[in-house]
Structure formats: C-alpha cells, structure tokens
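The values are calculated or read from the model by the stated rules, or taken from the named source; none is laboratory data. None of these values were measured; they are calculated from a predicted model. As a convention, Cβ positions derive from the backbone with ideal geometry for all residues, glycine included, and neighbour counts pool all protein chains shown.
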Amino acid sequence: MTQTLFQRFEHNGFAVNNRIAMAPMTRSRTETGDVPGQMVANYYGQRAGAGLIITEGAPISAVGRGYSMTPGIYTPEQVAGWKQVTKPVHDKGGKIFIQLWHVGRRSHSSITGGIQPVSASDVKHADKVFGPLPEGGFGMVETEQPRALTVEEIKATVNDFVVAARNAIEAGFDGVEIHGAHGYLLDQFLRISSNQRTDQYGGSQDNRMRFLVEVMEAVAAEIGGHRTAIRLSPFVTEGYADEAEDPEITALTLKVLKALAPLQLAYVHFSENISRYTEMPDTYRQQVRDIYPHPIMVAGKYTQASGEAMLNAGYADMVAYGQPFITNPDLVYRMANNLPLNPVDYDAHATFYGGDERGYTDYPALEPQSA
C-alpha cells in the first residue's frame, strides 16, 4: 500500500493526524528570563497543522544554554510561558513535543550566566554560538574552554533532564524530544574526539553511550516511553571544527538504538544533510530497521516527493521539515493541495535568529482558517 505524508500514524500510544513534523529550529525570540511569550505562542499556533510540532531546543538548565534568547524549561516562569504556547496548538487539534537541550561545550559564560561550559572532557574545538557581543547587541561568539563533568555532575544532569521532562508535561506538552545530535552534550559523550574520559563514561562504546542511555531510561520512566523521543545525527559532523568523521559513530548509533528499543519510544529522529555530512546509505537505513522496531523520523532538506519515497521504502514513518515551516505556516495545507510555497528569503536570513514578528509570524497563509 502506498504511504502518503497525509495519513494518520499510530504506534504504542503515540498518535498524530499526519506524518509531517515541524522540525526543531532555534529562533531566539524570548522575553525576560528566557520565557516564551505571546509572539512565540502565535508562531507555533500558526503551524498547528503539522502532525507534530517539535519546538526549538529548550535548555534544561542555565549551564545547558548555548544560544541567547532561547526559551528554557527549568524555571516556573518558563513553564508558565510554555503553557501559553501549547494551548493554541491543542485548540487547533495539533500535537507538540518540546526539544530538551543541553549544549555542553558549545557555549560561553556570557550565555550561561557566568558558568564555565561543561562537556565529557576538557577538549575545545573552534566553534561559534549566538550570544552577546562585547560591543553590545548579539552575534556569533567563540565558545570557551569547557571543563569535564564529574560523575556526580553527570548524575545531576540526568536528573535535570527528568525535571525538564516533568516540567514539559506540566506545561501541556504531548511529549519531549531529547537532543542527542549536532555536537551537543550527549553527542559529545558519544564521539571519540570529545570524550577522552577513562571512567565508566569513556573509552569503550558501551561506556560512551552510557550517559545517553541513562538519560533516556530516566525520562521514559518519568513520563512514559510513548511521550519520549531522541534526535541523533550519526552522519553529520557539527561542532567538531575540521576534525575527520568519527570512525565509530555509525556503529555506536546502532548499539544505542538496540539499547533504546525496549523503551518503546515515540520515535527516533535522524537529522541528516546539514553542516558537514555524508548521505545516509540505504544499507544503513535497513540496518536501523532490522534492529529498531519502533517509529523513525527523518529530517534534512526533504521535499514532499523525497519524503514520501522514504515512507514507501519503509525507512521512515514521519518526515520533519524545517525551513519550509518558517516561511509557510500552512505548509501541510499547501503540500496537500499542491500549492506553491513561500520561498526562503536568504537575504532576510537575519530574521531567522532574534528580532520581532518580521520573518517570524508575518508570512502569508493560503489555508482559509489560517489566513
């Protein structure tokens, strides 16, 4: 049977009205205290036609922050702000997961409130993040030297993820996606160049994946596997300067999936085709299917046609779209009716990060109820 992006999907208590997800995208438009306000609520509410919205990354703690003006999920004020966001999405029949984020070493003390960035090890690579500039305003700043987390701090960070997940459910989210991709903290533990530990969290593949598995087990135990997901990027090298690709990351990712399979997660989300990357071969996708019997989501410059091809090949159950959702709040309606998409205005790229409603909630919609 031919699969389409517009079909309902259900699996182990996770259910969505269509197979089109809105990918997580940092937009940096919070209010004082890194609280999401009405503008953020309008933005997500406009895009509630997606089968599932995955929010921009929400830091789980102050030290987990890596980009200015990103909405957190660790203070009562932030939880209250997110309640304003989940309501309009649900009022329109949509579903929304929050992406839980700890950037690890990809940060600067000017962003974390004076706290030195942390990582698996005290290894720094050339990298820049969005933060306050010495001369005023915001822009890209070089990251600082990180320090290695102690074992006690690793355990505390697992708990930070659990508390953030609990906060997310209180805020009305349907679930959480853990950010384990793109060179952020969990990815830093997985990769050889950033993890040079000699304790139970470093060295062997089993040790390097231990932290990630502990986070996923703890969060799933707290809110349920059907409300828990993870994003991975084994074929993307981001946050590692000009280092060669990790020779073990693809094999290690398969071991991670095998360990996570008993949790019956809502989905595993593969981020592809961004930054420095190699294409994920179909042979690898089949290996994933052979060892992981639960939902798979893919994202990374997919079109409607290539997304449906992934569904019909059996390699994915949902497809996430990023930039098309920035410029097309009614993307699902446009795709379903073969309507033209608003183009991405790369000359206005500055509106992607920070600013006001311009380039955020002012894109025109063709869907009657949206317009």
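Worth pointing out:
- Taking first residues from segment 103-117 that are within 26 Å of Thr237 (Cβ to Cβ) and in contact (Cβ under 8 Å) with a residue 12 or more places away in the chain and partners that are polar (S, T, N, Q) and outside any loop (DSSP other than H, G, I, E, B), the Cβ contacts under 9 Å between residues at least 6 apart in sequence or on separate chains come to Gly104/Ser119; Gly104/Gln188; Arg105/Ser119; Arg105/Gln188; Arg106/Ser119; Arg106/Gln188; Gln116/Ser109; Pro117/Ser109.
- Filtered by the rule that a residue be touching an Asp or Glu at 6+ places or on another chain (Cβ under 9 Å), of a type in the set (A, V, I, L, M) and assigned to a loop (DSSP other than H, G, I, E, B), segment 221-252 gives a lone residue, Ala241.
- Single match in Gly72, Gly13 (criterion: touching a helix residue (DSSP H, G or I) at 6+ places or on another chain (Cβ under 6 Å) and surrounded by fewer than 19 Cβ atoms within 10 Å (Cβ to Cβ)): Gly13
- Within segment 342-355, one or more residues are loosely packed, with under 15 Cβ neighbours inside 10 Å, modelled with pLDDT under 95, not aliphatic (A, V, I, L, M) and not in a helix (DSSP H, G or I).
- Filter pass, Ala218 being over 16 Å from Leu190 (Cβ atoms) and not charged (D, E, K, R): yes
- Among (1) in contact with a Lys or Arg (Cβ under 7 Å, 6 or more places away or on another chain); (2) under 15 Å from Phe97 (Cβ atoms) - the single one Met216 does not satisfy: (1)
- Scanning segment 241-266 for residues that are crowded, with 18+ Cβ neighbours inside 10 Å and in contact with a strand residue (DSSP E or B) (Cβ under 8 Å, 6 or more places away or on another chain) yields Asp246, Thr253, Val256, Leu257, Leu260, Leu263, Leu265, Ala266.
- Test: residue in segment 58-79 that is closer than 25 Å to Phe173 by Cβ, of a type in the set (Gly, Ala, Ser) and in contact with an Asp or Glu (Cβ under 6 Å, 6 or more places away or on another chain): yes
Here's the yes/no breakdown for (1) over 19 Å from His269 (Cα atoms); (2) out of contact with any Leu (no Cβ under 6 Å at 6 or more places or on another chain); (3) among the polar types (S, T, N, Q):
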{"residue": "Val141", "(1), (2), (3)": "yes, yes, no"}
{"residue": "Glu153", "(1), (2), (3)": "yes, yes, no"}
{"residue": "Val158", "(1), (2), (3)": "yes, yes, no"}
{"residue": "His182", "(1), (2), (3)": "no, yes, no"}
{"residue": "Thr198", "(1), (2), (3)": "yes, yes, yes"}
{"residue": "Val219", "(1), (2), (3)": "no, yes, no"}
{"residue": "Ile230", "(1), (2), (3)": "no, yes, no"}
{"residue": "Pro247", "(1), (2), (3)": "yes, yes, no"}
{"residue": "Thr250", "(1), (2), (3)": "no, yes, yes"}
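- Top-ranked residue of segment 208-240 - restricted to ones that are polar (S, T, N, Q) and either surrounded by fewer than 21 Cβ atoms within 10 Å (Cβ to Cβ) or within 21 Å of Arg106 (Cβ to Cβ) (or both), ranked as modelled with the highest pLDDT: Ser233
- Selection count, segment 125-148, where residues are touching a Ser or Thr at 6+ places or on another chain (Cβ under 7 Å) and either modelled with pLDDT of 95 or more or within 21 Å of Arg197 (Cβ to Cβ) (or both): 5
- Restricting segment 279-336 to residues that are charged (D, E, K, R) and part of a loop (DSSP other than H, G, I, E, B), the residue that is farthest from Pro368 (Cα to Cα): Glu279
- Failed criterion for Gln205 (all others in (1) buried (at least 22 other Cβ atoms within 10 Å of the Cβ); (2) out of contact with any strand residue (DSSP E or B) (no Cβ under 6 Å at 6 or more places or on another chain) hold): (1)
- The one condition in (1) part of a loop (DSSP other than H, G, I, E, B); (2) surrounded by 16 or more Cβ atoms within 10 Å (Cβ to Cβ); (3) under 20 Å from the mean Cα position of the chain (by Cα); (4) not β-branched (Val, Ile, Thr) that His269 fails to fulfil: (1)
- Test result for Val176, surrounded by 21 or more Cβ atoms within 10 Å (Cβ to Cβ) and of a type in the set (Val, Ile, Thr): yes
- Pairs where the first residue, in segment 182-199, is in contact (Cβ under 8 Å) with a residue 12 or more places away in the chain and under 16 Å from Met216 (Cα atoms) and the second is crowded, with 24+ Cβ neighbours inside 10 Å and aromatic (Phe, Trp, Tyr), C-beta under 8 Å, 6+ apart: Tyr184/Trp101; Leu186/Phe211; Phe189/Phe211
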